Every structure is written in structure tokens, then in C-alpha cells.
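Contents: one structure, followed by commentary.
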Amino acid sequence: MSSLKHPIADAVASIELVASRIETTFAQVGGQLGEGHGIFQGLNEALADLARELSSAQIEGASGALRDIAGRLKSLADTLPAESALLDQLRRNVAEAGALLKQLLKHVEMITTIARSAKIESASLEGDREGFIAFTREAYDLGRAVQSSIEACVKDQQLLAAAVETTWGRQSEFERRYRPQLGASGGELMSAFADLGRQRNDSVGVAELAGSSARTISDVVGRSIISLQAGDSTRQRLEHVCEGLRRAADPEPTLVPDMTEVQPLPRLLVNLEAVQLHDTQQEFDAGIGDIVRALSTILTEVATLVEKGRSLHGGREGGSASFLSRVRQTLAQASSLIAMCEDGGRSIDEALSVVENTLEKFRDAIANLSDSVVDISLIGMNAGLRAGHLGAKGRAFVVIAHEMKLTADQMTGAAVRLRPLLSEIAKVGDDLRKSRVSSDQTKLTSMENAILQTLHDVEAGNDRLGGLIGRLIEEGAKFDAVMNGAREQMTSLGSSASTLPTVAKCLEDAVGDLGRASFGDQDEAVLDELYARYTMERERDVHRQFLLPFGITAKQAAPAANDCDFELF
């Protein structure tokens, strides 16, 4: 046994030195990562808030309002010819309605003339003279009432025709003068929208990059700290290796006292711990590599972020102010054009009001006319029938009654032709009214105010961004020093841990080849005792795999999950 004590003692001393450095270095690097994390935590939040402020809803709201106003200008430019065409159609329909009303008025005047003739003729009739006179008086009164109504309609139609003619003339002139300006102003507004997009790319893009980089740094730092915390598992595994080696060097009291130093169990234990040591170093080396790469990623991210910050901080030179001035000017021009369109539109609204009121009077007059025509027709038919019973004496009255009926039928025909024309006028009026519904000056003014307010906020945000970038540059230098120090310590620790494979090789050389050694129950009890002390699943797995060629299986149950930390792996 004495041949193993010195190699084991040397190995334990080397392993404990590495374990001590692991504990010290991980604690120092953890503190440095925590310090770096703290440096960027506040900056990350400020940059993220600024990125959200200068992008997303705010910029999209301004862009949306610019697009809405530009779209409104285009819509106005497109609507002007359509409104002019509708007004022209309305003008022609109103003129046609005037012609029909005049025809209708002539027919009504003919009814009163015929009624007067019938009155004269009835005076010469014998028999029921008073009855015929009553018939003619009733027909005359109906005709006069209808005549008064139609005469009022003719006057209203003349007023309507004048209003529509005036509105159509103004609209045509406005279209000729301002439609090109509407299109040009819309194009300028879209150009301003494009400039806003470029401004957003210059400022918000870097702000978003800064926020994203800061969040990436925060995430990587967090993962690195977790990896460092997991480094305690390496220290524990090294402690377990040392414990196993000490058991091999001093097998009492579980080993038989009179065994010679060539007994296989101590040699098996040394070989087992050598394998555990190899695996521990491999796992630790991978963890060190991950942490060093993470620190390199952080340093690269910071370098990129600081460089972007410098380029933004040095390249703004008042561009925001000139841009804001240009957009204000463009919006003022657009607002002026829209206001002029609204002034022209009010003339259309007034004409439509006249159309609506006049159509209501026309419909009432036509309805009353229909009832009067029926009454006049019945009067004429009844008078003609009674006059026919008088023979030759009533023949002239029969002719007059027939003329009255024919004239009443002509009135009906004129009224029939007038109804669809009135419906067409109403439809054209509705179409014009619909084209006016989309115009809302209050909404357009609100959009303009929202854009100006947003541009003010963007300008203020750019100034805040400059201050934050200045902080970023200052803190970046400090962070760079902290992270470089941590990386150097981890690299140095990795070099120290690289001695562990050499220690394991010395142990393997000291015990030599185990050959076909056999082991008893007491040997297996020692192995089970060591197995029970493991706290990581990985070292239990190495233990099991190592003993398989010797026909030994662990009989000791593994600890419960809450008694160990193998879930970290």
C-alpha cells in the first residue's frame, strides 16, 4: 500500500489547489459579472423605453396620419371630377324637370280655361242648369288650386336651377384651378412621410439596436452567472475524488487489516477516481469555454453598440429641426388646400339643402295633383253623361267635358314622366351627399395636430438619445475593463485546470493494470458507500460505467432529487 500513498498524496494536493482556485476565481468573476450587469441594467431599461417611444405606436401613428392626409388629398383630387359630373347631371335633370313642370302648368291652365267655357255653355242649357253650373265651378276651383301649386313649383324649380347652376360653375372652376395642386401637395406629403421613415431609421434604428444589444448583454451575463454558480458542482466532484483517493490510501476500517498492499480494491479506487478526474476536467473545460465565449460575445456586442452610438451621436447636426420645419410647411399647405375644398363643399351642401326642400314640395304637389286629376276626370265624365241625355242641346257640353278629360289625362302623363325624374334628382343628390360625408375638417385638423405633436416628441427623443449614447460610451469603457478582467481570470483558471489530466495519468500509472481482479462483498460495500455520497448524476453514471467490466453494480440507491443538484446538468 505504501507504493500508492505518495502518488495519492501528491494528487490530492494538486486537486485541492485547483478546487481552491475554482472557488476563488468563480467568486471573483461572478462579482465582476454582477458589476457589469448592474452597469447595463439601468441603461438597458432607458434604451428600451426610448426605442419603444421612438418606434411602434408613436411613429406608426404619425406615419398613419401623414398617409391619411395624403390619401385625403388624393381622394379630394379624385372626387372633384366626380362631383362636377354629378352637379352637371343634376343641373340637366333640374332643367328637364322645369320643362315638364311648365308643360304641366299649361295643361292645368287649359283645365281652368275649359272650366270657364263649360260654365258659359251650361248657362244655355235647360233642365238641370244649376247642376251643370256646380259641376263646372268645382272643376274650375280644382284647376285653380292645382295651378297655384304648380306655379309655386315652377318658381321653386327656377331657384333650384339657379343654385345648382352656380354651384356647378364654381365647382368646375375650382377643379380646373386646384385639382393639380391637390395632387402635387399629396405627393409632397408622401415625400415627407418618406423623410420621416429615414429619420426613424437614423435615430430609432440605432435606439432599437442599443436596446436589443443591452438586452442581449443582460441575457448573456445572466446565463454566465448561472454557469458560474454551476461551477460549484466541479468543486464538489473534486472533493469526492479526493475522498475516494484518501479511502484508497487508508482503507481502514472497512478493509481487512491483514491485506497486503497489492490488494485490488485500493487500485480499483484509484483507477475509478482517475476516470472521475478525467471526466470532471472535460466537463469543467467545456464550462470554462462557454463562459469565455460568452464574455467574448458580450465584449463584441458592447464594441458594436458603442461604435453605432458614436456614429449616431456625431451625425445628427440639426437634421431633425429642418425636417420638422419642412413637414410643418407641407402640412400647412395641405391644410390650406383641404380648407379651400371644404369652402367649396359648403356651396354643394347649400345646393343639396335646396334640392331636398324643393323635392319635398314637388312630391307633395304631384300627390295632390293626382288626386285632383281623378276628381276632374270624374267631374268631366259625369257632366258629359248628363249632357248626353239632353240630346242636341247638350252636344256642345259633351265636347267640352271630353276636352276636360283629355287634358286631365295629359296632366297625368306629365306627372308620370316627372316622378322618375324627381327620383333621379334625389339619387344624384344622395350620391353628392355621400361624397361629402367622408369630409370631416375636425378629423383632419386633429390628425395634423397629432403629427406635429409626434414630431416634437421625436425631436425631444433624439436629444434624449444623444444623452443616453453619451452614457453608453462612458459606461462601455468601464464595462470593457471589467469583462476583459473576468475573461483573463477564466482563461487562467482553465490553464490551471488543464493539469488535472496529468494528475489522473500519474494515478493510472501508479496502479497499473488491474487484470482480472475479483472483489468481495466488503469491497462492493465500500464502493456503494462512495456511490451514496455523489451529488451529481453525471458522476454516478461514470461510477456505474467504470464498474461494469468488473461485474459490479451499485446496490446503494441514488439520493432523491432534492438531495442533490444533478438537475443543473
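For the reader, a short list of remarks on this structure follows.
- Gain on full extension, evaluated as 0.36 nm per residue between residue 532 and residue 10 minus their Cα-Cα distance, stands at 185.3 nm.
- Out-of-range pairs (alpha-carbon distance over 18 Å; input 119/405; 106/427; 505/555; 106/155; 5/555): 106/427; 505/555; 5/555
- Protein-only accessible surface at a 1.4 angstrom probe places the residues 434, 505 in the order 434, 505, largest first.
- Counting charges near residue 182 (Lys, Arg +1; Asp, Glu -1) among other residues having Cβ under 10 Å from its Cβ returns a value of +1.
- Phi to ³J(HN,Hα) by Karplus 6.51 cos²θ - 1.76 cosθ + 1.60 over the range 513-529, Hz, x for Gly, Pro: 8, 6, x, 9, 4, 10, 9, x, 5, 5, 4, 5, 5, 4, 4, 5, 5
- Sites residue 166 and residue 194, calculated FRET efficiency, Cβ-Cβ separation with R0 41 Å, nearest 0.05: 0.50
- Exposure rank, largest accessible area first [6, 402, 107; 1.4 Å]: 6, 402, 107
- Chain lengthening between residue 361 and residue 113 when straightened (0.36 nm per residue, less Cα-Cα): 86.7 nm
The values are calculated or read from the model by the stated rules, or taken from the named source; none is laboratory data. All values derive from a computational prediction rather than experimental measurement. Cβ sites come from the backbone with ideal geometry, for glycine too, and all protein chains shown count toward neighbours. Only protein heavy atoms, including side chains, enter the accessible area calculation; ligands, DNA and RNA are left aside. Shrake-Rupley method; radii C 1.70, N 1.55, O 1.52, S 1.80 Å.
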